[in-house]
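Just so it is clear, none of the values below were taken in a lab; they were calculated from the coordinates. Since we're looking at a predicted model, the values are computed, not measured. As a convention, Cβ positions derive from the backbone with ideal geometry for all residues, glycine included, and neighbour counts pool all protein chains shown.
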Amino acid sequence: MDLTARAFWLRSPGHGELRDVELPKPGDGDVLVRALYSGVSRGTETLVFRGGVPQSQHAAMRAPFQEGDFPAPVKYGYLSVGQVEQGPDELLGRTVFCLYPHQSRYVVPASAVTAVPDGVPAHRAVLAGTVETAVNALWDAGPQLGDRIAVVGGGMVGCSVAALLARHPGVRVQLVDADPERAATARALGVGFALPEDALGDCDLVVHASASEQGLARSLELLAPEGTVVELSWYGDRSVTLPLGEAFHSRRLTIRSSQVGTVSPRARTGRTYADRMALALDLLADPAFDALVTGESPFEDLPDVLPRLTRGELKGLCHRILYPAD
C-alpha cells in the first residue's frame, strides 16, 4: 500500500507549493483516502493565502486537519472528496467527504469522513462544507412561511443559502450581487436576482455574505421594521463601519452573526456536527448546485491557481481541484 502523498502548503503569504509527505500507517479505526476532488473555499482560503487571518483569530480559524500555524507555513483547506482505499469494511471503496486540506492521499479516523450518498456525484460533493455552512445559517435565520428575503452576496456561501431558501414554500427570495453575471446563477438556483441598487426592500430577513462593508450597509437598508440581518461574512483583519446612527434604532433592526464552527442553538435539540454534514450531503442530490462550480484545475497547478484566485484573475464561485487517477 502506497503511504506517500503530495500536499499543498502555504509557504509564506502569497506563495504556495506542493510538498511530498509520508503518511502514517493506518491503525484500527482509521481510513486511508485517495483524493478525487477538492474545492477551494474562495473567500476563506484566499484570505488565508494572503495572510489576512488576525492573530486574535488564529485558534478559532484552525481547520480540523490543519498543519502549521497562521500566517505560514500552513497546510489549510477543508473541502475534500475521495475514495477509501483502506479501512473498515463498511467504508472500503466508498466515496467520502472529509474536512481535509488539499492533499492527494491522507489517513484520518473513520469518524472524520462522511459517506457520500449514492445519488450525489463525487464532483458535486466538494460543495458539502459550503452547504453545511448554509444549513447552519438557515437554522440561525429561521425563515418563516411568506417571508420576504434577500441574500446579499452571490459567492459560494450566499448562493448555497439562496439554493436552500428556494425550497421554502411561499417565500420571496432575491439574490443581490454587484456582478450582473450572477443573474444566470440565480436562475439556475430558482431565485430572483437584482443588482444592489435595484434590490427589493421591505425584507423580513436579509442574509449577508458579500464580505464587504457596502454589502452589510445595503442589507440594513433592505430591511422592513423589526427585520433581521444574519451576518455570514468573515472580514479577517479588516474593520467595518456601519450606519447605526440612522434608522437602525427607530426601526428596531437586528444583526445576528452565524458561524459554522458551532451547531446553531436554533437547530432541533440533539443535532450534531455529523447530522449537519449528512444533511448537507443529502441536499446535494439536487443538480441545481452544479451551477456553483465554475472552474476546475489539476492538483499540480494549485500553486499557480490560488494566487490567481486571490488577485481576482479567476472569476466565478467554487474552483474545483482534480487529482490524478493513480
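Structure values in brief
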quantity	calculated
Value of Rg/Rh across the range 133-257 [Cα atoms, Kirkwood radius]	0.93
Full-extension gain in nm, ARG238 to ASP89, via 0.36 nm per residue minus C-alpha separation	48.9 nm
In range of the label at ALA178: residues from the range 291-326 whose backbone nitrogen is under 20 Å from the point 7 Å along Cα→Cβ	308-318
Sparse-neighbour loop sites [chymotrypsin sites (Phe, Trp or Tyr not before Pro); the range 206-267; at most 11 other C-beta within 10 Å; DSSP]	none
Gyration tensor verdict on the range 239-326 (Cα atoms; rounded if a/c is under 1.5, prolate if a/b is larger than b/c, oblate otherwise)	oblate
Coil-residue trypsin sites (Lys or Arg not before Pro) of the range 84-147, DSSP, other Cβ within 10 Å capped at 15	none
Rounded to the nearest 20 debye, dipole of the chain from Cβ charges on Lys, Arg, Asp, Glu	460 debye
Cα-based radius of gyration of the range 37-135 once divided by 2.2 N^0.38 Å, which approximates compact folds	1.13
Full-stretch length increase - GLN55, TYR273 - with 0.36 nm per residue and alpha-carbon distance subtracted	75.9 nm
Förster-model FRET efficiency, 56 Å R0, ASP282 and SER250, C-beta, rounded to 0.05	0.85
Where GluC sites (Glu not before Pro) fall in DSSP loop in the range 195-304, at most 14 other Cβ within 10 Å	GLU246
Spin-label model distance (nm) - ASP290 vs ALA110, 7 Å beyond Cα toward Cβ	3.4 nm
Whole-angstrom Cα spans of the chain along principal axes, big to small	65, 39, 35
DSSP bridge orientation in the chain - percent antiparallel, rounded to nearest 5	55 percent
Most mobile listed residue (VAL96, VAL240, VAL120) in the chain, GNM with C-alpha springs under 10 Å	VAL240
Potential lengthening between ASP2 and ASP326 on full extension [0.36 nm per residue; Cα-Cα distance subtracted]	115.6 nm
